[in-house]
1. Select from 43, 10, 53 the residue farthest towards the positive end of the dipole of the chain; place +1 on Cβ of Lys and Arg, -1 on Cβ of Asp and Glu, and compute about the Cα centre.
2. Could you give the dipole magnitude of the chain about its Cα centre, charging the beta-carbon of Lys and Arg +1 and that of Asp and Glu -1, in debye to the nearest 20?
3. What is the angle, in °, between the Cα long axis of helix 3-24 and the longest principal axis of the Cα atoms in the chain? Nearest 10 is fine, range 0 to 90.
4. Given a Förster distance of 25 Å, report the FRET efficiency between residue 51 and residue 26 from their Cβ-Cβ distance, rounded to the nearest 0.05.
5. If each DSSP helix of 4+ residues adds -39,500 (n - 2.57) and the sum is divided by the residues in the chain, what number results at 222 nm, nearest 500 deg cm²/dmol?
6. May I ask you to derive the relative contact order of region 3-77, considering only C-alpha pairs under 8 Å and at least 6 residues apart, and to give it as an integer percent?
7. Please determine, in degrees from 0 to 90 and to the nearest 10, the orientation of helix 27-53 with respect to the longest principal axis defined by the Cα atoms of the chain, where the helix direction is its Cα long axis.
8. Once P(r) over Cα pairs in 5 Å bins from 0, in percent is worked out from the coordinates, which option in [x] 3, 18, 33, 28, 14, 3; [y] 3, 16, 27, 27, 17, 8, 2, 0; [z] 3, 14, 13, 13, 11, 9, 9, 8, 7, 5, 4, 3, 2, 0, 0 does it equal?
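Please treat every number below as a calculation from the coordinates, not as lab data. Remember, it's a predicted structure, so these values are computed and weren't measured experimentally. All Cβ positions, even for glycine, are placed from backbone atoms using ideal geometry, and neighbour counts span all protein chains on display.
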Amino acid sequence: MNRPVLAIAGCAVVTIIGLVLATVGSPLGTVLTVAGIALWLIYLIGVFRLAWSGDQKRAWGPGSLRREYRDEQTAKRK
């Protein structure tokens, strides 16, 4: 299995178990739910930072995608 899949599954399991225990009235359930949500937050911030530092940052530059497309089309014509 892939590591991101395991991370997502782990966060989901912790959150779901916490929600189930919280409905019973256990304070441990509330703690697990908050911990699961915090794990989701940490994971998503990490994914965002990886995407932003990689190739995705380029797309936010004004006109950068249009310039890249134009350069590719020019290279294909030659």
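1. The Cα lying farthest towards the positive end belongs to 53.
2. Values: 10 positive and 4 negative charges, 129 e Å.
It works out to roughly 620 debye.
3. 30
4. Details: r = 37 Å, r/R0 = 1.48.
Once rounded, the FRET efficiency stands at 0.10.
5. Numbers: 3 runs with 63 residues, N = 78.
Here the helix-only value at 222 nm equals -28000 deg cm²/dmol.
6. 20
7. The angle comes out near 10 degrees.
8. Computing P(r) over Cα pairs in 5 Å bins from 0, in percent and matching it to [x] 3, 18, 33, 28, 14, 3; [y] 3, 16, 27, 27, 17, 8, 2, 0; [z] 3, 14, 13, 13, 11, 9, 9, 8, 7, 5, 4, 3, 2, 0, 0 gives [z].
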